[in-house]
Amino acid sequence: MDEIKVGFSSFGWIWPAYCSIYDYNMNIATPAYPKLEQQRQALLRQLSDLRELRRGSLTEQFLTVKHADGSKVRRGPYPLLTRKDAKKTVSVRVTDPTLVPLYRQQIQTLREFERVVDQLARVGEQLGDLAVAEVVPKKTSGGVGAKRRGASVGRSHGEPAGT
C-alpha cells in the first residue's frame, strides 16, 4: 500500500497522520482522481520535510535617545521578534545577533508550511468533490415531458394547452 507517515511535532509531542491512496473506498471512475492523489502525496512529503517553524516576524527597532545636552540620537537597529499571542502582540528583542538568520529561516519555513497546507486543503476539497459526484447522480438539464416543472399531466412536449 502506498503510505506516507507524517509526524507533526509541537511542544514535545508527536501526532502521526497516516495518509494512504486507499483511505477511502472510492471507485476511481474519473481520470482526475489519480492526478489529485499524486499531488496530495507530494504535498504530504513536503510537509514532512518542514521541521523548525516560528510564528511572527522580525523587524528592526530604532530608539531616539535624548542626551543631557538636549541633542537627540537615533540608536539601532535592534532586531525585534513580534508575534500575536491570544489577541495581543508580543515583542521580544533578539539580543544575540547570531539568532537573527535562524529566526528568519524558521519564519520563512512557517510561511512555506502555511502555503503547502493551503494547497493540501484545495486538493482535498477537489477529492471531496469527486467523492460527492460519485454518490450524487448528475441532474439532467432542460428535461422534457411530464417530469418537467410546470408540465401538466397528460400533456406532451409541443402540444398546445387545452387540446
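Got a number for residues in segment 47-75 being within 30 Å of Leu130 (Cα to Cα) and buried (at least 17 other Cβ atoms within 10 Å of the Cβ)? Before the answer, list the steps.
First pass over segment 47-75, keeping only residues within 30 Å of Leu130 (Cα to Cα): 47-50.
Then keep just the ones that are buried (at least 17 other Cβ atoms within 10 Å of the Cβ); that gives 47.
Number of matching residues: 1.
So Lys87 fits all but one of (1) exposed (fewer than 11 other Cβ atoms within 10 Å of the Cβ); (2) modelled with pLDDT of 95 or more; what number is the exception?
Single failed check for Lys87: (2).
Would you check if there is a residue in segment 82-95 being within 30 Å of Glu134 (Cα to Cα) and part of a loop (DSSP other than H, G, I, E, B)?
Scanning segment 82-95, I find no residue that is within 30 Å of Glu134 (Cα to Cα) and part of a loop (DSSP other than H, G, I, E, B), so the answer is no.
Just to check your reading of the model, which residue among Asp49, Asp23 is outside the structural domain of Thr82 (by TED's automatic domain parsing), within 22 Å of the chain's Cα centre (by Cα) and at pLDDT below 80? If you could, list the steps in order and put the result at the bottom.
On the way: Asp49 fails: at pLDDT below 80.
Asp23 is the lone residue from the list that is outside the structural domain of Thr82 (by TED's automatic domain parsing), within 22 Å of the chain's Cα centre (by Cα) and at pLDDT below 80.
The values are calculated or read from the model by the stated rules, or taken from the named source; none is laboratory data. None of these values were measured; they are calculated from a predicted model. Cβ coordinates were reconstructed from backbone atoms using ideal geometry, including for glycine residues, and neighbour counts include every protein chain displayed.
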